[in-house]
Amino acid sequence: MTAVHETGVAPDLLAAMLRQYQVEKFYHDEAALLDAHDYEHWVELFSEDTHYFMPIRRTRLRRELRKEFTKPGEMAYFDDDKAILTARWKKLASGSAWAEDPPSRTRHLITNVRITEDRDDELSVESNFHVYRTRLKSDADSWVGSRQDVLRRDGDSFLIAKRLILLEQTVLLARNLSTMF
């Protein structure tokens with residue numbers, strides 16, 4: 001028989017609910033940093049050995065779906081480590097990033113957060129996103145996709161040890177890709 005907490009809920013279910021809440025709060029806080037253009041603190045959410053990868057998606061026949069996304073080492077929108085992420089925010093902060101001066105207005109929506117594996121010190125987490133960006137007077141861009149993250153426990157929070165970003169689009173109509181996902 002499973003023990004029941006005084007609330008009437010099994011302890012393992014309470015622990016799973018708390019873990020889900022902590023992960024979702026982490027993602028909501030991350031989105032708030034990005035929308036506030038607080039890239040310095042956003043980069044602090046990544047581990048020193050992080051890999052931030054957004055491959056190019058290509059339309060393939062059903063029998064070739066394994067070739068739909070480029071692989072690490074091939075062409076990609078992002079194939080970054082923490083040093084590159086840090087350089088990116090420093091460039092944005094310097095005012096020399098013409099594609100972001102004046103800065104874009106963004107909204108990062110994160111949904112369907114699923115913890116797919118808990119290895120004590122790391123979690124595998126899948127989520128969906130919609131990033132909406134407006135720029136200047138009339139430029140508007142919208143990116144939709146999914147993320148596969150490895151979150152490493154760090155005290156009472158997490159660090160992003162790995163992020164794979166999979167866009168639904170195969171053709172990007174945006175004038176630039178100066179947005180973080």
Six or more apart or on different chains, Cβ atoms under 7 Å: show the pairs whose first residue is in the stretch 86-104 and charged (D, E, K, R) and whose second is in a loop (DSSP other than H, G, I, E, B).
Lys91/Ala97; Glu100/Ser178; Asp101/Gly95
Of these, Glu48, Glu64, which one is surrounded by fewer than 11 Cβ atoms within 10 Å (Cβ to Cβ), on the phi < 0 side of the Ramachandran plot, outside any helix (DSSP H, G or I) and of a type outside the set (Ser, Thr, Tyr)?
Glu48
Is it the case that Glu30 is open to solvent by 50 Å² or more (accessible area, probe 1.4 Å) and not basic (Lys, Arg)?
no
With the checklist (1) hydrophobic (A, V, I, L, M, F, W, C); (2) in a loop (DSSP other than H, G, I, E, B); (3) closer than 18 Å to Glu24 by Cα in hand, flag the one item Leu172 doesn't pass.
(3)
Residue satisfying condition, being touching a strand residue (DSSP E or B) at 6+ places or on another chain (Cβ under 7 Å) and either open to solvent by less than 90 Å² (accessible area, probe 1.4 Å) or within 18 Å of Leu159 (Cβ to Cβ) (or both), within set Tyr77, Tyr39:
Tyr77
For the stretch 105-131, name all the residues that are closer than 18 Å to Glu30 by Cα and at pLDDT below 95.
Arg105, Thr106
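The values are calculated or read from the model by the stated rules, or taken from the named source; none is laboratory data. This structure is a prediction, so every number in the text was calculated from the model and none was measured. Here the Cβ is made from the backbone with ideal geometry for all residues, glycine too, and neighbour counts use every protein chain on show. The area values use the complete protein model at the heavy-atom level, side chains included, leaving out ligands, DNA and RNA. Shrake-Rupley method; radii C 1.70, N 1.55, O 1.52, S 1.80 Å.
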